[in-house]
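Peer 1: Sharing a structure here in structure tokens format.
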Amino acid sequence: MRPIQKLTVLLGGICLIAMALITCAEVVMRYAFSHPIFGSAEMVQMVLGILVFAGMFTVARERSHVTVSLFEPFFLRHVPRLYRFVFNAMSLLGVSAIAVILGWRVWDLLSYPETTVVLRLPMLWIVGGMTLLAALAILAALAAMRAPQEPRE
């Protein structure tokens, strides 16, 4: 799992750098040269989507989801095993639901191909990449369920 995690973190880092470079270049081109980069907003949106789904693997593997800690100390003190079971089950359910929804979208795109509005890039490749990353997050959630869990403070 570690090589996959390193790969997805690297992919996320590359996406973040690409977003920053595209945005900076867009601002310079727009205001310094009065010639914006064609399709830059769409490029940033696609790269952001890949960034989010690349991060899902690490979040699921390390159990680093955003949580509301209002009731967490109470549950950890009184029913820690139940709390951890519900936390892990909801994590698995969440990433699985996302992967299934994206999988349905890929199935639909196989029958009725679509392209992006501005750059006319095939949506199948973009949504397919997001689906693959979401499927990897399912594996990460399953691995997190098998790994011993450290007490949270």
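The values are calculated or read from the model by the stated rules, or taken from the named source; none is laboratory data. Nothing here was measured: the structure is a model prediction, and the numbers come from that model. Note that we place each Cβ from the backbone using ideal geometry, even for glycine, and neighbour counts take in every protein chain shown. With ligands, DNA and RNA removed, areas are computed over all heavy atoms of the protein, side chains included. Shrake-Rupley method; radii C 1.70, N 1.55, O 1.52, S 1.80 Å.
Peer 1: Test each condition in (1) over 21 Å from residue 136 (Cβ atoms); (2) out of contact with any helix residue (DSSP H, G or I) (no Cβ under 6 Å at 6 or more places or on another chain) for residue 36 and report the one that comes out false.
Peer 2: Of everything listed in (1) over 21 Å from residue 136 (Cβ atoms); (2) out of contact with any helix residue (DSSP H, G or I) (no Cβ under 6 Å at 6 or more places or on another chain), residue 36 misses just condition (2).
Peer 1: Show the residue pairs meeting these rules: Cβ distance below 8 Å; 6+ apart or different chains; first residue within the range 40-68 and closer than 18 Å to residue 135 by Cβ; second residue surrounded by fewer than 15 Cβ atoms within 10 Å (Cβ to Cβ) and of a type in the set (S, T, N, Q).
Peer 2: 58/64
Peer 1: Follow-up. Just to be sure I understand the filter: pairs with C-beta atoms under 7 Å, separated by 6 or more residues or on different chains, first member in the range 106-120 and in contact (Cβ under 8 Å) with a residue 60 or more places away in the chain, second member surrounded by 13 or more Cβ atoms within 10 Å (Cβ to Cβ) and not in a helix (DSSP H, G or I). Which pairs pass?
Peer 2: 118/39; 119/39
Peer 1: Do you know which residues across the range 127-137 are more than 17 Å from residue 58 (Cβ to Cβ) and either out of contact with any Gly (no Cβ under 8 Å at 6 or more places or on another chain) or open to solvent by 30 Å² or more (accessible area, probe 1.4 Å) (or both)?
Peer 2: Those that are more than 17 Å from residue 58 (Cβ to Cβ) and either out of contact with any Gly (no Cβ under 8 Å at 6 or more places or on another chain) or open to solvent by 30 Å² or more (accessible area, probe 1.4 Å) (or both): 127, 128.
Peer 1: Quick one: how many residues across the range 11-64 are aromatic (Phe, Trp, Tyr) and in contact with an Asp or Glu (Cβ under 7 Å, 6 or more places away or on another chain)?
Peer 2: Count: 0.
Peer 1: Testing residue 118 on (1) part of a helix (DSSP H, G or I); (2) open to solvent by less than 70 Å² (accessible area, probe 1.4 Å), one condition comes back false. Which one is that?
Peer 2: (1)
Peer 1: For the range 123-153, enumerate the residues that are farther than 24 Å from residue 67 by Cβ and free of Cβ contacts under 8 Å to residues at least 12 places away in the same chain.
Peer 2: Correct list: 125, 132.
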